Amino acid sequence: MVVAKELCDALKPVTERLIVAGSLRRRKAEVGDVEVLFVPRVAEYRAGLFAEDVRRVSLADDCLAGLISAGVLAKRPNSNGGFAWGEKNKLAIHVASGIPVDFFTATEANWFNYLVCRTGPGESNIRIASAAQARGWKWNPYGEGFSRVSGLGTEVYRVASERDVFEFVGLDFKDPWERA
């Protein structure tokens, strides 16, 4: 909790939305890592003289780079020995504690889907995906909701809340700490 608070305090000014997900959100007594989900604030900079030369920069990414430079965080190697430090997913380690920290970048459009997925647990996500499939839909946990191919192309159901993810597929909504 101390590590999560430290990192959230650093990220709060540079994010539109921010939450600790995973097993911490589910109030588990023992956790293996800290998962932080956020929607970054974005700054636009002119890269040249023309209007189309606008560069969009994630202020949250700049903050995380600063935490690495300051020695608070380090990039964490993945199972292949490489580093996952991309636009959407960043695997780090909190240097002082040695605790793994995963950062996930969401958008306003996919916030609730991403929140359900990153809160987990995996068994809950499997139930959602299976229930969607049984109804002829595909759950897009990193997308805006559910999709299916219809006669007119791809139909999308956009979720508007965490509860909406569960109820759309006929599952009872449970608070994160009740999910198993």
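Every number in this text was worked out from the coordinates using simple rules, so none of it is lab data. Since we're looking at a predicted model, the values are computed, not measured. With ideal geometry, Cβ positions are generated from the backbone for all residues, glycine too; neighbour counts draw on all protein chains shown.
What residues qualify as long-range amide H neighbours of residue 15, i.e. H under 5 Å apart, gap of 5 or more or another chain, H built at 1.01 Å from N?
Residues meeting the criterion, in which the H sits 1.01 Å from N, are 41.
Below 23 Å Cα-Cα, how many Lys pairs turn up in the chain? Only count pairs eight or more apart in sequence, or on different chains, if you could.
Pairs that pass both the separation and distance tests number 13.
Packing-wise, with mean Cβ within 10 Å as the measure, how do 120-133, 13-26 rank, highest first? The partial results should precede the final answer.
Working: 120-133: 15.5, 13-26: 18.5.
Top of the packing list down: 13-26, 120-133.
Got a sec to turn the phi values of region 3-11 into Karplus ³J(HN,Hα) couplings, 6.51 cos²θ - 1.76 cosθ + 1.60 with θ = phi - 60°, whole Hz, x for Gly and Pro?
For region 3-11, the Karplus-derived couplings read 5, 4, 5, 4, 6, 5, 4, 5, 7 Hz, x marking Gly and Pro.
Per 0.36 nm of contour for each residue apart, how much would the distance between residue 133 and residue 1 grow if the chain were fully extended, relative to their Cα-Cα spacing?
Result for the pair: 43.9 nm of gain on full extension.
Which value in Å does the Kirkwood hydrodynamic radius of the chain take, with 1/r averaged over all unlike C-alpha pairs and then inverted?
17.8 Å
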